[in-house]
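Undergrad: One structure follows; several queries about it will come next.
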Amino acid sequence: MAIRNIVQVGDDVLRKKSAEVTEFDSKLWALLDDMAETLKKAQGAGLAGVQVGVLKRIFIVDYNDTIVEFINPKKIYESGTQIGQEGCLSVKGKYGTVTRPAKVVMEAQDRNGEKFRFNAKGFMAKCLCHEYDHLDGILYIDKATGVYEDK
Ligand code: CO
């Protein structure tokens, strides 16, 4: 496992659309393991492939100290709204106010290609939507009503 460099806003790669994962092989697993280590070191809530410069439809989230891996995720249901603060490991030193669904259901594949569904509400719903946006080149600052300096 290795810590990967987290790409920062201003780098064009963050604005690109990520591609579907088709190979569930050891190369993918190495990437996922590196992402987990990178996320832990950065003490973040989630990390998308594009944030380490890999344009694949992958993100991971820290769910109660367990890493959950989402590959080729699709939002299959969302409801309600919540307004809250968000930050991003690719937008260092800032946070912003963003409106997100209160609940979301995602369908994705795990590292072996098996499909699963994940029901999320509150903080996790916000987190999944934030990470999902990364796969389409969208950053929270595009949706935020205000972006502030974090001290
Ligand atoms: Co982010």
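Undergrad: So, in segment 18-50, exactly how many residues are of a type in the set (S, T, N, Q) and more than 23 Å from V105 (Cα to Cα)? Give the derivation first.
TA: Initial filter on segment 18-50 (of a type in the set (S, T, N, Q)): 18, 22, 26, 38, 43.
Remaining after also requiring more than 23 Å from V105 (Cα to Cα): 26, 38, 43.
Summing the residues that are of a type in the set (S, T, N, Q) and more than 23 Å from V105 (Cα to Cα) in segment 18-50 gives 3.
Undergrad: When C129 is evaluated against the numbered criteria (1) within 16 Å of the ligand (Cβ to nearest atom); (2) open to solvent by less than 30 Å² (accessible area, probe 1.4 Å); (3) touching a Leu at 6+ places or on another chain (Cβ under 9 Å), which criterion, by number, is the only one it fails?
TA: Answer for C129: the failing condition is (3).
Undergrad: When V147 is evaluated against the numbered criteria (1) in a strand (DSSP E or B); (2) among the aliphatic types (A, V, I, L, M); (3) open to solvent by 40 Å² or more (accessible area, probe 1.4 Å); (4) in contact (Cβ under 8 Å) with a residue 60 or more places away in the chain, which criterion, by number, is the only one it fails?
TA: The number of the failed condition is (4).
Undergrad: Taking the criterion of being part of a helix (DSSP H, G or I), surrounded by 13 or more Cβ atoms within 10 Å (Cβ to Cβ) and among the acidic types (D, E), would at least one residue in segment 10-18 satisfy it? Give the steps one after another, and end with the answer.
TA: Here is the first cut: in segment 10-18, the residues part of a helix (DSSP H, G or I) are 12-15.
Now narrow it down to the ones that are surrounded by 13 or more Cβ atoms within 10 Å (Cβ to Cβ): 13-15.
Restricting the remaining residues to those that are among the acidic types (D, E) gives none.
Within segment 10-18, none of the residues are part of a helix (DSSP H, G or I), surrounded by 13 or more Cβ atoms within 10 Å (Cβ to Cβ) and among the acidic types (D, E).
Undergrad: I would also like to ask the following. With the checklist (1) buried (at least 17 other Cβ atoms within 10 Å of the Cβ); (2) under 18 Å from L139 (Cα atoms); (3) under 14 Å from the mean Cα position of the chain (by Cα) in hand, flag the one item I67 doesn't pass.
TA: (2)
Undergrad: Quick one: what pairs do we get from segment 32-55, first residue aliphatic (A, V, I, L, M), second assigned to a helix (DSSP H, G or I) and exposed (fewer than 15 other Cβ atoms within 10 Å of the Cβ), C-beta under 8 Å, 6+ apart or different chains?
TA: From residues that are aliphatic (A, V, I, L, M), the pairs are A45/F123.
Undergrad: Anything in segment 70-95 that is away from the ligand (no atom under 16 Å from the Cβ) and part of a strand (DSSP E or B)? List them, or say none. Walk me through it before giving the result.
TA: Applying the first criterion (away from the ligand (no atom under 16 Å from the Cβ)) to segment 70-95 yields 71-72, 74-83.
Within segment 70-95, I71, N72, K74, K75, I76, Y77, E78, S79, Q82, I83 meet the criteria.
Undergrad: Just to be sure, is N5 modelled with pLDDT under 95 and open to solvent by 80 Å² or more (accessible area, probe 1.4 Å)? Explain how you work it out, then say what you get.
TA: Working: modelled with pLDDT under 95: no; open to solvent by 80 Å² or more (accessible area, probe 1.4 Å): yes.
So N5 fails the test.
The values are calculated or read from the model by the stated rules, or taken from the named source; none is laboratory data. Remember, it's a predicted structure, so these values are computed and weren't measured experimentally. Because the Cβ atoms are built from the backbone with ideal geometry, glycine has one as well, and the counts that use them run over all protein chains shown. Surface areas here come from the heavy atoms of the whole protein model, side chains and all, with no ligands, DNA or RNA. Shrake-Rupley method; radii C 1.70, N 1.55, O 1.52, S 1.80 Å.
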